[in-house]
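The values are calculated or read from the model by the stated rules, or taken from the named source; none is laboratory data. What you are looking at is a predicted structure, and each value in this text was computed from that prediction instead of being measured. We place every Cβ from the backbone using ideal geometry, glycine too, and count neighbours over all the protein chains shown. Accessible surface areas use protein heavy atoms only, side chains included; no ligands, DNA or RNA. Shrake-Rupley method; radii C 1.70, N 1.55, O 1.52, S 1.80 Å.
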Amino acid sequence: MKKQILTLLVLTATLSACSSYNYYAVSNKSMGSQYKTYAWIPEGKSKASKIYDNDVATDRIIESTSRELENRGLELNNKKPDILVRYTAVVNNETKHYNDPVYYNPPARLSPRIAYYRGRAYRYYSYYNPLPVYVGTETRKTQIKEGSIMLDLIDRKTSKVIWRGWAEGEVNNPEKAINELPKVVENIFKKLPG
């Protein structure tokens with residue numbers, strides 16, 4: 001039983017470490033019971049660029065966000081909503097800096113040695129291979145594509161953003177980035193206060 005629990009913990013830690021996104025959220029108001037309905041801001045007001053500027057990505061963002069809002073007890077009402085929902089999905093070219101360690105490998109050599117056996121001295125050579133020596137770091141720059149998905153919940157009466165959640169991560173494969181959208185939106189909404 002202990003072995004199964006340990007295996008499950010290791011698997012959970014491994015899978016959670018594989019997420020390529022970092023999640024953030026800010027709010028200035030609690031999502032109390034005063035909000036019961038929501039509606040989407042017209043599509044022209046939401047922004048998408050490059051990889052996310054297509055109908056498939058838009059549908060996945062809207063469907064998964066609507067599902068998360070309905071799971072929290074809000075209903076879709078396009079006539080008189082309490083909350084307006086807007087999303088922004090962009091991909092930017094970024095420069096990422098890596099610091100790689102640099103080592104010096106001293107040359108291997110033969111070292112003369114003396115050994116004693118039964119009172120007599122014997123000369124022999126020993127192969128000496130020293131360990132690498134750390135000498136510093138080397139900075140390496142790499143161009144990457146960084147994706148950002150942002151969801152805003154706006155109070156309709158005041159027109160102020162009451163909650164903003166977003167995810168940022170490296171986008172290596174556009175197909176994978178679009179397929180991960182429902183999971184990314186779900187993780188963003190985990191930051192939404194009760």
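Computed values, structure above
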{"quantity": "Rough spin-label spacing in nm, given labels placed 7 Å along Cα→Cβ, for S27 and Y128", "calculated": "6.7 nm"}
{"quantity": "Rel. contact order, % - alpha carbon contacts under 8 angstrom, at least six apart, the range 96-194", "calculated": "23 percent"}
{"quantity": "Antiparallel bridges, percent of DSSP beta bridges restricted to the range 25-130 (to nearest 5)", "calculated": "55 percent"}
{"quantity": "Where Cα atoms sit under 16 Å apart: lysine pairs in the range 77-194 separated by 8 or more or lying on different chains", "calculated": "6"}
{"quantity": "List Y125, Y117, Y35, ordered by accessible area with a 1.4 Å probe, largest first", "calculated": "Y125, Y117, Y35"}
{"quantity": "Accessible carbon and sulfur surface of the range 99-194 relative to its total accessible area, %, 1.4 Å", "calculated": "50 percent"}
